[in-house]
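Below: one structure, written as structure tokens.
The values are calculated or read from the model by the stated rules, or taken from the named source; none is laboratory data. All values reported here derive from a predicted model rather than from experimental measurement. Backbone-built Cβ (ideal geometry, glycine too); neighbour counts: all protein chains shown. The accessibility values were calculated without ligands, DNA or RNA, using every heavy atom of the protein model including side chains. Shrake-Rupley method; radii C 1.70, N 1.55, O 1.52, S 1.80 Å.
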Amino acid sequence: MVRPTSPTVIFDLDGVLIDSEPRWEAAEVEVFAEVGVRLDAADTASTTGLRVDEVVGHWLARRPWDVTAPNSSVGAVANAIVDAMVDHAQNGPIEIAGATGAVARLAAAGHRLAVCSSSPRRLIDASLLGLGLGDRFERVHSAEDEPAGKPHPACYLSTAALLGVRPGTCVAIEDSVNGAIAAAAAGMRVVAVPAAAQADDPRFEFCDRVLRSLDRVDAETIDTLRQLR
């Protein structure tokens, strides 16, 4: 039963529910190499949380290639990356440890749940279906429908509007700095659950909570943030 005074919890997708960041890295390295742009792990990490078309635009501005060549336009490169990600999501997606448990605990405690992701909607749907979470969220919103992706707050603001709640009554769960910035800029409380390599990153210090694992995400954790903006 939904408790009307409970904060609404909005999950990011990549790196929070699905362990897709290594696959994003591999897909970006492979697809960009086809247009003559070589990326390494540090390069791909620098754009974590951005919308895929913005990732392509980011590298086009810094390492230009011939966009008039076959399959080399911004749209073609972005679509090739998403195609690889959808294939991954449909063929054995890997859950972030504790993700389905956290969703189940919060749902059982009466929290309204949603997803707000920079990924295209077709990838979000494939990922949630692959994880067995296709029917667990009241709303699912993609930044592809916004004029700008994270760290711009538009995606989170729209998600709150679709739910009919004030952003200040929401708690966002994010793994990336860009995503956390977006949620905070929207006026939401932010629980960061970074990857182990970023667990001590000082850039997360503005978040309301920084947790080591989704196993720590439960109703008690969320309810400690009841003094909402």
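For the stretch 213-229, which positions are among the hydrophobic types (A, V, I, L, M, F, W, C) and either touching a Pro at 6+ places or on another chain (Cβ under 9 Å) or more than 18 Å from residue 8 (Cα to Cα) (or both)?
222, 225, 228
Tell me the residue from 80, 107 that is in contact (Cβ under 8 Å) with a residue 24 or more places away in the chain and closer than 20 Å to residue 135 by Cα, please.
Residue meeting the stated conditions: 107.
Results for (1) in a loop (DSSP other than H, G, I, E, B); (2) open to solvent by 40 Å² or more (accessible area, probe 1.4 Å); (3) out of contact with any Phe, Trp or Tyr (no Cβ under 8 Å at 6 or more places or on another chain); (4) under 15 Å from residue 119 (Cα atoms), shown as yes or no for each residue.
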{"residue": "6", "(1), (2), (3), (4)": "yes, no, yes, no"}
{"residue": "27", "(1), (2), (3), (4)": "no, no, yes, yes"}
{"residue": "37", "(1), (2), (3), (4)": "yes, no, no, no"}
{"residue": "50", "(1), (2), (3), (4)": "yes, yes, yes, yes"}
{"residue": "53", "(1), (2), (3), (4)": "no, yes, yes, yes"}
{"residue": "61", "(1), (2), (3), (4)": "no, yes, yes, no"}
{"residue": "76", "(1), (2), (3), (4)": "no, no, yes, no"}
{"residue": "82", "(1), (2), (3), (4)": "no, no, yes, yes"}
{"residue": "85", "(1), (2), (3), (4)": "no, no, no, yes"}
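So residue 215 fits all but one of (1) at pLDDT below 95; (2) part of a loop (DSSP other than H, G, I, E, B); what number is the exception?
For residue 215, the exception is condition (2).
Determine if the stretch 196-212 includes at least one residue that is touching a residue at least 60 places away in the same chain (Cβ under 8 Å) and within 17 Å of residue 9 (Cβ to Cβ).
no
Taking residue 23 as the residue in question, decide whether it is farther than 22 Å from residue 153 by Cβ, assigned to a helix (DSSP H, G or I), in contact with an Asp or Glu (Cβ under 6 Å, 6 or more places away or on another chain) and open to solvent by 30 Å² or more (accessible area, probe 1.4 Å).
Answer is no for this residue.
Suppose we filter the stretch 15-40 for residues that are in contact with a helix residue (DSSP H, G or I) (Cβ under 6 Å, 6 or more places away or on another chain) and at pLDDT below 95; how many remain?
Counting residues in the stretch 15-40 that are in contact with a helix residue (DSSP H, G or I) (Cβ under 6 Å, 6 or more places away or on another chain) and at pLDDT below 95 gives 5.
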